[in-house]
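The values are calculated or read from the model by the stated rules, or taken from the named source; none is laboratory data. If you're wondering where the values come from, they're calculated on a predicted model, not measured in any experiment. Cβ atoms come from the backbone with ideal geometry, glycine included; neighbour counts cover every protein chain shown.
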Ligand SMILES: [Zn+2]
């Protein structure tokens, strides 16, 4: 922690030659993309996208889960999506999964999260259940961790489409959805072409 504190303490002095870059977004943000990724410390979207201040509107959650639209539920992910789409009018949304995702491991092996009730409950929103009374949302996800993670990302895109304001802007052609996969050990980022379910190098 001390290294991080030290960096934060001296950060402003280190960017004095980039004042314009940092000051410009202070007048109002117009991010290029809503970027939804996992809370995992190994996933650093600004690092592999080269994003600068103001580029990414980020939502991070355990397992980059986007719950299906539930208008009555207080949900940080849903509220952030609504703000990005309705107020900021982002033209693109990326959902980015990653290799070695603990949340997907939890989905594959329910017993591994039994002692963590909030995590267990959160994972139920990953949503593979045909009916809500099915015991665990892994139906159809398979056992292969990479394939399961990529399928999981595509499912979260399906959930995004249940948000009325997302669906509306998709219909208008003013919004695009992207499925990405970050290979944390190599830095290679894969993406799934529209209409496909196969992830390939960007
Ligand atoms: Zn993860």
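Quick rundown of the values:
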| read-out | value |
| --- | --- |
| Residues of the stretch 84-117 classified as within 22 Å of residue 34 (Cβ to Cβ), in a helix (DSSP H, G or I), in contact (Cβ under 8 Å) with a residue 24 or more places away in the chain and away from the ligand (no atom under 15 Å from the Cβ), total | 3 |
| First in the stretch 32-51 and more than 19 Å from residue 80 (Cβ to Cβ), second anywhere and in a strand (DSSP E or B) and within 14 Å of the ligand (Cβ to nearest atom), Cβ under 8 Å, 6 or more apart | 42/98; 48/182 |
| Hits in the stretch 23-46 (condition: more than 16 Å from the ligand (Cβ to nearest atom), at pLDDT 95 or above and not in a loop (DSSP other than H, G, I, E, B)) | 33, 34, 46 |
| Some residue of the stretch 2-22 being in a loop (DSSP other than H, G, I, E, B) and at pLDDT below 95 | yes |
| Verdict on residue 106 being surrounded by 14 or more Cβ atoms within 10 Å (Cβ to Cβ) and closer than 28 Å to residue 54 by Cα | no |
| Residue in the stretch 193-201 that is surrounded by 12 or more Cβ atoms within 10 Å (Cβ to Cβ), at pLDDT 95 or above and under 17 Å from residue 94 (Cβ atoms) present | yes |
